Amino acid sequence: MTVPAPQIEFVDGPAAEAMLRQVAQELRSGNVVPYLGPGLVELSNAPVPTHPDDLAAFFGTKVTLPKRARGNAWACAQHIETTKHRSIVTAMMTDAFSAAFAPTELQRHLATLPLPLIVDSWYDGAMRQALAGRSNWGEIQGIPRAGLSDERWYRFYDAAGAEVDCSLARSWTTVLYKPHGSVTPAKNFLVSDADYVEVLTEIDIQTPIPDEVKARRTGRRLLFLGCRFNDQLLRTYARQVSKRSSDVHYAVVGPDTLSKNELRFLVDQGLTPLAVPLTRVLEIVLAD
């Protein structure tokens, strides 16, 4: 039996642009949290993978993968970790994401704002690079727990890239939150199936979400930019990071590219879907 696609009303045209102008104003006041996905990196023509499928393809250029793992980045990383070593996964991820490229204009713009929180869900270091001219910020990264003897789920880094105590995060004007880790400054990567087993077991009770992120999201709206929700893991993170924040959020989407699962996610989460090309979104946000 074919399950019909969920019905959803997209906001497009002048109505969507007017809504984005209002969101841009709320960004400046710190009432909106930008949630950045790899689609934003794609605008830079960056020499790094810009989608989980691209990352899976990259792994396929390095090792021979079994059929069951092909096309799934997390399964590819798990196969490499199991058959070779965790250090090989880290080395390959570093190879994939170490190429230097300039942050987008939007990232540079966001870096000028006293935003309480920026969520960046991909592994590159462009947002950190955009923030480099400031000193009143820091970064929280999700970390793989393989080999750890304690209950740490994340690490804290200051603007210079040094690991610091979690207590310092309260003094930062802006927190950059990288839930899946990043190539900078310390090559933390949540990427294999094993990395996510414990996280997904605990994430419903919010244990892997840093307290500082929980505090800064409270009462605020989220704006999803360059994000796709066609993977269960990505949907889970988006749902859990936005939990207990505002009840109004926005997602810039391409209606013609959305899967049934993505449509269902938008409906279930009550996201306002803005059918505006990402390039136009950047023009609107940067103009205001």
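The values are calculated or read from the model by the stated rules, or taken from the named source; none is laboratory data. Since the structure is predicted, the reported quantities are computational estimates derived from the model, not experimental observations. Using ideal geometry, Cβ is built from the backbone for each residue, glycine included, and neighbour counts are taken over all protein chains shown.
Could you list all residues from the stretch 251-265 that are of a type outside the set (Lys, Arg) and either modelled with pLDDT under 95 or farther than 25 Å from residue 110 by Cα (or both)? Of everything in the stretch 251-265, those that are of a type outside the set (Lys, Arg) and either modelled with pLDDT under 95 or farther than 25 Å from residue 110 by Cα (or both) turn out to be 254, 255, 256, 257, 258, 259, 261, 262, 263, 265.
Name every residue in the stretch 18-44 that is in contact (Cβ under 8 Å) with a residue 24 or more places away in the chain and either hydroxyl-bearing (Ser, Thr, Tyr) or on the phi > 0 side of the Ramachandran plot (or both), in order of residue number. Listed by number, the residues that qualify are 30, 35, 44.
Based on what the data block shows, is residue 230 without any contact (Cβ under 8 Å) to a residue 60 or more places away in the chain, surrounded by fewer than 21 Cβ atoms within 10 Å (Cβ to Cβ) and over 27 Å from residue 97 (Cα atoms)? When the stated conditions are applied, residue 230 does not pass them. Every condition in (1) under 16 Å from residue 34 (Cα atoms); (2) assigned to a helix (DSSP H, G or I) holds for residue 224 except the one numbered (2). Scanning the stretch 162-177 for residues that are in a loop (DSSP other than H, G, I, E, B) and surrounded by 14 or more Cβ atoms within 10 Å (Cβ to Cβ) yields a count of 2. Here the condition is being on the phi < 0 side of the Ramachandran plot, aliphatic (A, V, I, L, M), in contact with a strand residue (DSSP E or B) (Cβ under 8 Å, 6 or more places away or on another chain) and surrounded by fewer than 18 Cβ atoms within 10 Å (Cβ to Cβ); of 248, 281, 213, 252, it holds for 248 alone.
Exactly one residue among 91, 100, 77, 96 is part of a helix (DSSP H, G or I), without any contact (Cβ under 8 Å) to a residue 12 or more places away in the chain and under 18 Å from residue 124 (Cβ atoms), and that residue is 91. All conditions but one from (1) over 19 Å from the mean Cα position of the chain (by Cα); (2) touching a residue at least 12 places away in the same chain (Cβ under 8 Å); (3) under 18 Å from residue 191 (Cβ atoms) apply to residue 122; the one that does not is (1).
On the basis of being under 30 Å from residue 219 (Cα atoms), surrounded by 14 or more Cβ atoms within 10 Å (Cβ to Cβ), touching a helix residue (DSSP H, G or I) at 6+ places or on another chain (Cβ under 8 Å) and not polar (S, T, N, Q), does residue 81 make the cut? It is false that residue 81 is under 30 Å from residue 219 (Cα atoms), surrounded by 14 or more Cβ atoms within 10 Å (Cβ to Cβ), touching a helix residue (DSSP H, G or I) at 6+ places or on another chain (Cβ under 8 Å) and not polar (S, T, N, Q). Taking the conditions (1) in a helix (DSSP H, G or I); (2) in contact (Cβ under 8 Å) with a residue 40 or more places away in the chain in turn, residue 197 satisfies each one other than (2). Scan the stretch 258-268 for residues that are surrounded by fewer than 17 Cβ atoms within 10 Å (Cβ to Cβ), touching a residue at least 24 places away in the same chain (Cβ under 8 Å) and assigned to a helix (DSSP H, G or I) and the total you get is 3.
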